[in-house]
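Participant: Sharing a structure below in structure tokens format, with a few things to ask.
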Amino acid sequence: MRCRTTGAGSKAREARTIDLDLTAAEVSQVLGGGRMSETIRLRGDAVEWREVDGEIVALDRPAGEYVAVTGSGALLWPLLLAGTTRAALAHTLEERFGLAPGIADGDVDRFVDSLAARGLLDRP
């Protein structure tokens, strides 16, 4: 990966190129401000849930609404109960479904963000 930086000289700005040897996960973490390594977990006081035939049926207590979580979301649910990171969630999907590293990041982001929008997650 190449990164272009600009020096802060008083009279002229000098451009230089630096070669970095970073993995896709490291780049994602740097660009996301550590978002992939932030610990997240379901709020026990905000959600009551049961597993029924491989599907999670949850009561969003603050909203008074039922939420159904199926497929890969149901696979990730136990990790969110225990406390995990976005990176660990993505890795779980990559392992389970044979995906290349980084492929699941967007799906994890959308899932976690939807739970966060409902106020169902604890964050540091």
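FYI, it's all coordinate maths here, none of it is from the lab. All values reported here derive from a predicted model rather than from experimental measurement. Here the Cβ positions follow ideal geometry from the backbone for every residue, glycine too, while neighbour counts run over all protein chains shown.
Participant: What percent does the relative contact order of the stretch 34-122 come to when contacts are Cα pairs within less than 8 Å and at least six residues apart?
Facilitator: It rounds to 33 percent for the stretch 34-122.
Participant: Now for a different question. Quote the charge dipole size of the stretch 34-122 about the Cα centre in Debye, to the nearest 20; the model charges only the Cβ of Lys and Arg (+1) and of Asp and Glu (-1).
Facilitator: Values: 9 positive and 15 negative charges, 33 e Å.
Roughly 160 debye, rounded to the nearest 20.
Participant: Any idea what Rg and Dmax come out to for the stretch 34-122 if you just take the C-alpha atoms, in Å?
Facilitator: Reported Rg and Dmax, both Å: 12.6, 38.
Participant: Quick one: order THR85, THR70 by neighbouring beta-carbon count within 10 Å, fewest to most.
Facilitator: On the way: THR85 19, THR70 12.
Starting with the residue having the fewest Cβ neighbours, the order is THR70, THR85.
Participant: A follow-up question, please. Among VAL52, VAL67, which comes first, second and so on when ranked by fewest other beta-carbon atoms within 10 Å?
Facilitator: On the way: VAL52 9, VAL67 17.
Lowest to highest Cβ neighbour count: VAL52, VAL67.
Participant: By counting other Cβ atoms within 10 Å of each Cβ, how are GLU95, GLU38 ranked from fewest to most?
Facilitator: GLU95, GLU38
Participant: List the residues whose amide H sits under 5 Å from the amide H of ARG61, counting only those 5 or more places along or on another chain, with H placed 1.01 Å from N in the peptide plane.
Facilitator: So ARG61 has HN proximity to VAL47, GLU48.
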